[in-house]
Amino acid sequence: MLKILVTGATGNVGQEVLSLLQSHDCNICAGVRNSNNAKHLLGNNIQCVPFDFTDPDTFDHAFFEVNKLFLVRPPALANIPTQVAPALNAAKLAGVEHIVFLSILGSKHNRFLPHSQIERYINQLGIKATFLRASFFMQNLNTTHREDIKVHSELLLPAGNGKTSFIDVRDIAAVAVRTLIEDGHQGRAYPLTGKASFSWCSRHWLRFVPLYASFGQL
Ligand SMILES: NC(=O)c1ccc[n+]([C@@H]2O[C@H](COP(=O)([O-])OP(=O)(O)OC[C@H]3O[C@@H](n4cnc5c(N)ncnc54)[C@H](OP(=O)(O)O)[C@@H]3O)[C@@H](O)[C@H]2O)c1
């Protein structure tokens, strides 16, 4: 049976991926740093295996008989050669056949982004891959930016005249699961965005903030 290792399992996207994978006929494994915390978040139905990008001792067991890897770069790991590449080398050695990598919109055009470095490194290793180049998560608004919206009713970001196509992490997870389960997505890169783009000017926020408040998210 297909065995899939999900990294970032306790995070925004990983949790949703695990939840959706449960309705498919495959062996799912969550790669986690703290199994107690993971059990608390994910429940007892998900099999957990110790996995830490910065601890090579966890690699052999985590990648054992894994066919497919859902790869999330933890935001704190920015030094790709020392903090992410060793795990990818181990995945290659273990025979992982396909990596679905949560990348970022624009990674193709900015070689300095950690995500761009990871995409290139996976290609260098010759592991088949699908790159999910996601836009700004809608959930950033009720996590990272929650206090600013709640307390100040505004967000100050260096966005200029740029527009952002917010995407729900549940939609990213739905695409991730299709690319893990279905054939035909290897060697592909998908930009993932919401339906519409919004500027960051106050004219839009005045309408946007009450909308979220009314959903009880704040
Ligand atoms: N936010 C956005 O708008 C956006 C848009 C596009 C792409 N992205 C990218 O998406 C990724 C983050 O995804 P996310 O928001 O789903 O994750 P997240 O909620 O930030 O969670 C990070 C995950 O990484 C795990 N982790 C942290 N350090 C680790 C380590 N040393 N070894 C193994 N696992 C470790 C955490 O596990 P613990 O429970 O052990 O801490 C957690 O499961 C980043 O690469 C980010 O750049 C974000």
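The values are calculated or read from the model by the stated rules, or taken from the named source; none is laboratory data. The structure displayed is predicted, hence computed values, not measured ones. So basically every Cβ, Gly included, is an ideal-geometry build from the backbone, and we count neighbours across all protein chains shown. Note: accessible area is taken over every heavy atom of the protein model, side chains too, but ligands, DNA and RNA are not part of it. Shrake-Rupley method; radii C 1.70, N 1.55, O 1.52, S 1.80 Å.
Specify the residue that is nearest to the ligand (Cβ to nearest atom); the eligible residues are those in the range 118-129 that are among the aliphatic types (A, V, I, L, M) and open to solvent by less than 30 Å² (accessible area, probe 1.4 Å). Result: Ile118. Looking only at the range 130-145, decide whether some residue is over 15 Å from Val13 (Cβ atoms), in contact with a strand residue (DSSP E or B) (Cβ under 6 Å, 6 or more places away or on another chain) and open to solvent by less than 10 Å² (accessible area, probe 1.4 Å). Among the residues of the range 130-145, not one is over 15 Å from Val13 (Cβ atoms), in contact with a strand residue (DSSP E or B) (Cβ under 6 Å, 6 or more places away or on another chain) and open to solvent by less than 10 Å² (accessible area, probe 1.4 Å), which makes the answer no. The set of residues in the range 132-155 that are closer than 17 Å to His98 by Cα and without any contact (Cβ under 8 Å) to a residue 60 or more places away in the chain contains only Arg133. Quick check on the range 71-85. Is at least one of its residues within 14 Å of the ligand (Cβ to nearest atom) and more than 27 Å from Cys48 (Cβ to Cβ)? No.
Tell me, please, whether a residue that is under 22 Å from the mean Cα position of the chain (by Cα) and hydroxyl-bearing (Ser, Thr, Tyr) can be found in the range 146-163. No: zero hits.
Pick from Ala91, Ala134: which is within 9 Å of the ligand (Cβ to nearest atom) and not polar (S, T, N, Q)?
Of the residues listed, the single one that is within 9 Å of the ligand (Cβ to nearest atom) and not polar (S, T, N, Q) is Ala134.
Restricting the range 101-117 to residues that are over 20 Å from Thr54 (Cα atoms) and of a type outside the set (Ser, Thr, Tyr) leaves a set whose member that is least open to solvent (accessible area, probe 1.4 Å) is Gly106. Scanning the range 16-61 for residues that are touching a residue at least 60 places away in the same chain (Cβ under 8 Å) and within 11 Å of the ligand (Cβ to nearest atom) turns up Glu16, Val17. The set of residues from the range 156-180 being out of contact with any Lys or Arg (no Cβ under 9 Å at 6 or more places or on another chain), open to solvent by less than 80 Å² (accessible area, probe 1.4 Å) and in contact (Cβ under 8 Å) with a residue 60 or more places away in the chain comprises Val169, Ile172, Ala173, Ala174, Ala176, Val177.
Taking the range 146-161 as the range and being at pLDDT 90 or above and within 15 Å of the ligand (Cβ to nearest atom) as the test, only Arg146 passes. Are any residues in the range 11-35 among the small types (Gly, Ala, Ser) and surrounded by fewer than 20 Cβ atoms within 10 Å (Cβ to Cβ), and if so, which ones? Of everything in the range 11-35, those that are among the small types (Gly, Ala, Ser) and surrounded by fewer than 20 Cβ atoms within 10 Å (Cβ to Cβ) turn out to be Gly11, Ser19, Ser23, Ser35. If you go through the range 78-95 and keep only what is assigned to a loop (DSSP other than H, G, I, E, B), surrounded by fewer than 16 Cβ atoms within 10 Å (Cβ to Cβ) and on the phi < 0 side of the Ramachandran plot, you end up with Ala78, Asn79.
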